[in-house]
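The values are calculated or read from the model by the stated rules, or taken from the named source; none is laboratory data. Small disclaimer: the values here were computed from a predicted structure and weren't measured. Glycine gets a Cβ as well: all are built from the backbone with ideal geometry, and neighbour counts include every protein chain shown. Note: areas computed on protein heavy atoms with side chains; ligands, DNA, RNA excluded. Shrake-Rupley method; radii C 1.70, N 1.55, O 1.52, S 1.80 Å.
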Amino acid sequence: MIDHHHIDLSDDFPVDCDDPLLRQLMNRRRMLVSGMLGAFSVYALVHEARAAAPALDSRLPARQWIDRQEELAQGLRSGAVSEKSWHDEVNRLAKEVDIASLVAEIRRARVKPAGQRFMGDPIKRKIRFRDENGMPMKLAYTAATFTFDPSHVITPHGHKHMASAHMVIDGKVRVRTFDRVGEKDGALIIRPTGDHVTGPGGAAPMTTAIDNIHWFTPETQSATTFDVIISNLDPGQDAFLIQPVDPLGGEKQKDGTIIAPLMSFEASMDQYPSTK
Ligand SMILES: [Fe+2]
């Protein structure tokens, strides 16, 4: 079993891919942009983003977003940035980023399909951004896109030794989150923390301390999230651990927590289809 919706940390990105999905995203974005900016074409916007020129509006250009994510990832790893601060900053950056310029950066990145899909997993692609000279960047985080059709789902699961943030860049996604309160006899003790539908610019960060369990289902015919993944946060431990759990089949406690049994990836897919 692969690591569900997360990705390996390999630096091997042999495939440059002019991805049809990203073309579609850009076309959709072009319609939006042309409505707002009149004579400006998306190509002008892409050119501006590539040159790291001032954004056409007040949104944060992708280059700055990538660099700020790097500072945050390094800070989280070193302990200079708390998990709470990392959540707050990631959410703020998601609201500020110019998604059109981020999509442009994804298009010029090295993009590699992330192996064989498992059951109802969304389609995963590893993203390695290029610097201003076109060279692949080495960052403290890995990046990926996850594209959903209506049958795809990221089933509820917890994590260890890592942090991640899904940000919607296209379509709408229902995000359900839970805190990890403890562990007990083959189960996680979890507390519901959120259940909402979010669109472009909405982020769902996850750390050990906050929203450690999450669950994503698409709300539109297609939806894409862009993910920042920081693994190896606990020296001497595995790079990361993904733990599917069963919140709906769990035992509700008087204090609002749920004793949610751990389950296999296969059982998780069977019990949590995209329509649930
Ligand atoms: Fe996850």
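Tabulate in residue order the Karplus-calculated ³J(HN,Hα) for the range 159-171, using 6.51 cos²θ - 1.76 cosθ + 1.60 with θ = phi - 60°, rounded to whole Hz; enter x for Gly and Pro.
Residue by residue, the range 159-171 yields 9, 9, 6, 8, 9, 8, 9, 8, 10, 6, 10, 7, x Hz.
For the range 75-149, what mean projected area does the convex hull of the alpha carbons give, in nm²?
Values: hull surface 27.1 nm².
The number I arrive at for the range 75-149 is 6.8 nm².
To the nearest 10 Å², what's GLU83's accessible area with a 1.4 Å probe?
The value for GLU83 is about 60 Å².
Taking the range 201-276 on its own, what percent of its Cα-Cα pair distances exceed 22 Å? Don't skip to the end; give the middle numbers.
Values: 1125 of 2850 pairs.
Of all Cα-Cα pairs in the range 201-276, 39 percent lie more than 22 Å apart.
Under a point spin-label approximation (7 Å from Cα along Cα-to-Cβ), what is the MET135-ALA80 distance to one decimal in nm?
Rounded to a tenth, the inter-label distance reads 2.2 nm.
Using the structure shown, list the pairs from LYS95/LYS252; LYS84/LYS138; LYS124/LYS254; LYS138/LYS172; LYS112/LYS276 with a Cα-Cα distance above 27 Å, or answer none.
On the way: LYS95/LYS252 34 Å; LYS84/LYS138 25 Å; LYS124/LYS254 39 Å; LYS138/LYS172 30 Å; LYS112/LYS276 30 Å.
Long pairs (Cα-Cα over 27 Å): LYS95/LYS252; LYS124/LYS254; LYS138/LYS172; LYS112/LYS276.
Which trypsin sites (Lys or Arg not before Pro) in the range 113-170 pass both tests, a DSSP loop state and at most 11 other beta-carbon atoms within 10 Å? Write out the running numbers ahead of the final one.
Working: sites: ARG117, LYS124, ARG125, LYS126, ARG128, ARG130, LYS138, LYS160; in loops: ARG117, LYS138.
Hits after loop and neighbour filter: LYS138.
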